[in-house]
Ligand SMILES: NC(=O)c1ccc[n+]([C@@H]2O[C@H](COP(=O)([O-])OP(=O)(O)OC[C@H]3O[C@@H](n4cnc5c(N)ncnc54)[C@H](O)[C@@H]3O)[C@@H](O)[C@H]2O)c1
């Protein structure tokens, strides 16, 4: 269970998290492996942050994984070179040929541009890459006869929600081209389900965070817009991390978000794809913990875990930032038996471990 009280940080964390990951994976393998035949899965955006973590977990669980990524925002070092195919989503026929050649059973589709702020400056890039790119992928899937997809959607489809925690029944109300691009793909998937029997699960993530517990894969977005890596940059550079708004109607005045560990997120994808293999229907699900933390709480947690003072400055609210975004993950839990295994302390600890390893590698 996630707790609001953060225990003091005690090493050696690498061994602790590796052991925990091994135990979680073993339990999952024991409970599910007997029913799952080894399937062949294509992961788009598999060189990116969430995609590469999911590729790692899929491989651990025995899946045959092929990665497509154009490396526009991801990293070669995140993927085993034997798996990686440097292809752009726009290359419909090349994708169709690969789907056939690798006898792909299902696709997990992460590839997209992801920065809300950037989408407010260059919406055309977001509609082209995220929407037209996804349409190209879906067309390739039809050409190759692949009829199952798990799609990376986002809490941004809800915009400024009226009710917290947010249920999947909340209306679409995106406030950025990024959020709108995800709504458009979800809607396309609805039509492809109805007309082509192409089954899909859209997973609407809340704040993906944390790193692979072994410290190999973590957040490396450029430009970085996510709070936890920005906190670590503030530690490294001494340049304060910015808090946008301390006058929200929350306990400490700062925004509250639902932080979900990248491995819990990755596991949700595996459960979703397995549901499609079992003949499950199309649907959309929130992926969050159901527990929110304020910006200041995350900063305090990072101070405890790193033992460093985090410099921050305060600026006015940003337009379009809702005070609170917390998922109601009931549907995901009841449909797929999903549960989160990592709390905020684990998230910050694994991210810090990754950061330290990255720093060492640079020396
Ligand atoms: N990170 C989050 O907190 C978060 C929250 C909600 C939803 N999501 C969604 O999750 C997915 C993955 O996010 P991430 O944080 O791993 O991002 P990321 O930028 O690390 O990974 C995206 C990957 O897609 C690749 N890519 C982009 N356009 C491509 C194209 N046209 N052809 C081939 N490859 C392409 C990039 O090179 C990159 O490797 C995205 O769809 C994003 O919208 C992320």
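Coordinate-derived values only; no laboratory data. Given the structure is predicted, the values throughout are model-derived calculations rather than measurements. No Cβ is skipped: glycine too gets one built from the backbone with ideal geometry, and neighbour counts run over all protein chains shown.
Below is a table of values for the structure above.
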{"quantity": "Highest-first arrangement of 240-247, 342-349, where packing means the average Cβ count within 10 Å", "calculated": "342-349, 240-247"}
{"quantity": "With Cα atoms, 0 to 90° folded angle of helix 13-32 axis to the chain main axis", "calculated": "30"}
{"quantity": "Region 222-286 - Kirkwood radius from inverse mean 1/r over Cα pairs (Å)", "calculated": "15.4"}
{"quantity": "Principal axes of region 270-363: Cα extent on each, largest first, Å", "calculated": "50, 37, 20"}
{"quantity": "Theoretical FRET efficiency, 1/(1+(r/R0)^6), r = Cβ-Cβ of residue 80 and residue 195, R0 41 Å, to 0.05", "calculated": "0.70"}
{"quantity": "Ordering of 46-58, 227-239 by burial proxy (mean other Cβ atoms within 10 Å per residue, highest first)", "calculated": "46-58, 227-239"}
{"quantity": "Centroid-to-centroid separation of region 86-145 and region 286-363 [C-alpha atoms, Å]", "calculated": "28"}
{"quantity": "Region 67-174 - convex hull of the alpha-carbon atoms, volume per residue in Å³", "calculated": "131"}
{"quantity": "Per-residue [θ]222 nm for the chain (sum of -39500 (n - 2.57) over DSSP H runs n ≥ 4, rounded to 500)", "calculated": "-13000 deg cm²/dmol"}
{"quantity": "Max mean-square fluctuation residue, GNM over the chain, Cα-Cα springs under 10 Å, options 60, 99, 332", "calculated": "60"}
{"quantity": "Angle between the chain longest axis and helix 295-306 axis [Cα atoms, degrees, rounded to 10]", "calculated": "80"}
{"quantity": "Isotropic mean projected area of the C-alpha convex hull, region 51-114 (nm²)", "calculated": "4.4"}
{"quantity": "Per principal axis, descending, Cα span of the chain in whole Å", "calculated": "54, 42, 40"}
{"quantity": "Relative packing of peptides 169-181, 118-130 - highest average C-beta neighbours within 10 Å first", "calculated": "169-181, 118-130"}
{"quantity": "Helix 49-60 vs. the chain, principal-axis angle (Cα, 0 to 90°, nearest 10)", "calculated": "60"}
